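Here, each number is a calculation from the coordinates, and none is a lab measurement. Keep in mind that this is a model prediction, so the values were computed, not measured. Heads up, the Cβs are rebuilt from the backbone with ideal geometry, glycines too, and the neighbour counts pull from every protein chain shown.
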Amino acid sequence: MHHRERDRGGRQHRFREIESAAKPSPRSEVLPSHRLAGNLTEEKFKPLIPKADRAPARREFLKFAGLGALGLTLSELPFVRVLGAERSGELLVYVGTYTTGKSEGIYLYRLNLSSGELKHVATTKGVVNPSFLALAPSRRYLYAVSEVGDFAGKKSGAVSVFAVDQRTGELRLLNQQPSLGADPCYVDVDAGGRFVLIANYTGGNVTVFPVERDGSLGPATDMKQDQGSSINRERQESPHAHCIVLDPTNRFAYQCDLGTDKIMIYRFDARNGKLLPNEQPWVQVKPGAGPRHLAFGPSGKYVLVLNELHSTVTTFTRDPGKGSLKELQTLSTLPKDFTGTNTSADIHVSPDGRFLYCSNRGHDSIAIFTIDPRHGALTSVGHEFTRGMTPRNFAIDPTGRFLLVANQKSDNVVVFRIDERRGRLSPTGHIAGVPAPVCLKFTDPFS
């Protein structure tokens, strides 16, 4: 793992009391209400090509009518998948993990969209530290980084591609490529499904790989090496690329570099798989903030950046035509009276674009904000305890009903129901024991 994480002390802000986390095992446990008591120890822009995890409303149907010319079939469109999930009443969830302990690889679960119950389906073994996952728009392939420092005798991690069984959702390894940098921690797929983008944390670079006709990955078509450092001598001694994310139009790629406090901006050449210099090449956050992940706000006019080291979220206005960013606001992801140690980890916008969620490791919470649709300003709503330790990753299901949290150090995935009016979270009582879960990806069932 690329983080030197410590046990977090000083939890002086208290949530309501709950029971400690479930023990690791690949099954789902329903906690009766009496067991939830105990002690807490711890508009001009419109997307031209939809991202695979975007969940537009039904009224957006006509916006996608011409996408067949771009190579996307009807079944690949996001709103069709949302309707499919509602008809079937369930979703599939892939869970990436760290395999340095009890984990065996990538776990597959079914999420009941009525109750929130998780049921284990399958486990893909033999892949090392699949800490971040991404599905192709076609859902025929799943990509996973192997977050390691050495691969095939080189100072590099790896990226693997799996064929997805179109009946069961189970995975079969096709091939692997060295990621061209140590400790890859993020993977994204372009909207046409032709290229895969990787962020290498320790390597301090980002790479692009082509998808071959048989679904396998070819040798890299591009690599961009970051330079520099920042003021935190322990965490920012060199570049640390933490994510690379394509915008909803597939025209721009944004990279958070925790080590240099910069968000790099590239124009994406979707024909040749190249990252090209943008007119505005980067923006900088506050020194020492450590940008980690980002999400796009309503209509793609805003970019929301989660800063790991300062536990803050910074809102940028975005020019959709030029890809440029301008800082609008920075808020803390923590309560004002919290004095313990914390690092923020993950960030997501609700499918309707009204709410923003961020995870806190140390405070062990999900921070909740409303998003002003006209101006992009955030307003804090509150925090919800994650019922576990170290929420490294979380995900919101495409229907907007549930938020699932991957608590890395308590070995569990916890299901919360989302209040669609206020954005607040309430525990469903459903917890799946998964060893060291660190990434969650949804898709609707294949059969």
Rounded to whole Hz, the Karplus (6.51, -1.76, 1.60) HN-Hα couplings of segment 93-102, x for glycine and proline: 10, 8, 10, x, 9, 9, 9, 6, x, 8
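Rounded, prolate or oblate for segment 338-447? Axes are the square roots of the Cα gyration tensor eigenvalues, ordered a ≥ b ≥ c, and the cut-off for rounded is a/c under 1.5.
Values: a/c = 1.86, a/b = 1.13, b/c = 1.65.
Judged from the Cα gyration tensor, segment 338-447 comes out oblate (a/c at least 1.5, b/c at or above a/b).
Here are some pairs, LYS155/LYS441; LYS119/LYS224; LYS262/LYS336; which of them have Cα atoms lying more than 32 Å apart in this structure? Mind dumping the intermediate values first?
Details: LYS155/LYS441 28 Å; LYS119/LYS224 41 Å; LYS262/LYS336 26 Å.
The pairs that break the limit, which is 32 Å between Cα atoms, are LYS119/LYS224.
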For GLY400, net neighbour charge (Lys/Arg +1, Asp/Glu -1) across residues whose Cβ lies under 10 Å away: -1
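Given the convex hull of the Cα atoms of segment 261-315, what is a quarter of its surface area in nm²? Walk me through the numbers before you get to the answer.
Details: hull surface 17.7 nm².
Mean projected area of the Cα convex hull: 4.4 nm².
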Pairwise label distance in nanometres, ASP372 with SER88, each label 7 Å out on the Cα-Cβ vector: 4.1 nm
Vicinal HN-Hα couplings computed from phi for segment 143-150 (Karplus, 6.51 cos²θ - 1.76 cosθ + 1.60; Hz; Gly/Pro x): 10, 9, 7, 10, 7, 9, x, 9
Given charges at Cβ of Lys, Arg, Asp, Glu: segment 348-447 dipole, positive-most of VAL405, PHE385, HIS363: HIS363
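Peptides 293-300, 417-424, 100-107: what's the order by average Cβ count within 10 Å, highest mean first? Mind dumping the intermediate values first?
Details: 293-300: 19.6, 417-424: 15.2, 100-107: 18.0.
The densest-packed peptide leads the list: 293-300, 100-107, 417-424.
Express in nm, to one decimal, how much length is gained between ARG422 and LYS274 on full extension, taking 0.36 nm for each residue of separation and deducting their alpha carbon distance. Provide the component values of the computation, followed by the final result.
Details: separation 148, 0.36 × 148 = 53.28 nm, distance 4.14 nm.
Result for the pair: 49.1 nm of gain on full extension.
Calculate the FRET efficiency for ASP214 and THR379 from the Cβ-Cβ distance with a Förster distance of 51 Å, rounded to the nearest 0.05. Can you show the working numbers first?
Working: r = 49 Å, r/R0 = 0.96.
Working from the Cβ atoms, E equals 0.55.
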Surrounding net charge for ASP372, when Lys and Arg each add one and Asp and Glu each subtract one, Cβ distance under 13 Å: +3
Full-extension gain in nm, ASN175 to THR221, via 0.36 nm per residue minus C-alpha separation: 14.9 nm
Placed amide H near SER156: partners under 5 Å, 5+ positions off or other chain: ASP150, PHE151
Long-range amide H partners of THR312 with built H, under 5 Å: ASN307, THR333
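Packing-wise, with mean Cβ within 10 Å as the measure, how do 323-336, 225-238, 381-394 rank, highest first? Walk me through the intermediate numbers first.
Numbers: 323-336: 17.9, 225-238: 15.1, 381-394: 23.1.
Highest to lowest by the protection proxy: 381-394, 323-336, 225-238.
Explain nothing, just the number: relative contact order of segment 215-354, from Cα pairs under 8 Å at least 6 residues apart, as a whole percent. Walk me through the numbers before you get to the answer.
Working: 315 pairs, mean separation 23.1, N = 140.
Normalised by residue count, the contact order of segment 215-354 is 16 percent.
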Among 139-145, 163-169, the order from most to least packed when residues are scored by Cβ within 10 Å on average: 139-145, 163-169
Amide H contacts of VAL381 (H built 1.01 Å from N, under 5 Å, at least 5 apart or other chain): ILE368, PHE369, THR370
Three principal axis lengths of segment 205-316 [C-alpha, angstrom, descending]: 44, 33, 26
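Dividing the Cα convex hull volume of segment 27-443 by residue count, how many Å³ per residue is that? Before the final figure, lay out each step's value.
On the way: hull volume 56.4 nm³, N = 417.
Once divided by residue count, the hull of segment 27-443 is 135 Å³.
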J(HN,Hα) series, segment 430-447, from Karplus relation 6.51 cos²θ - 1.76 cosθ + 1.60, nearest Hz, glycine and proline x: 9, 9, 9, x, 9, x, 6, x, 9, 7, 10, 9, 9, 7, 7, x, 8, 8
LYS336/PHE446 FRET efficiency (R0 51 Å; Cβ-Cβ; nearest 0.05): 0.65
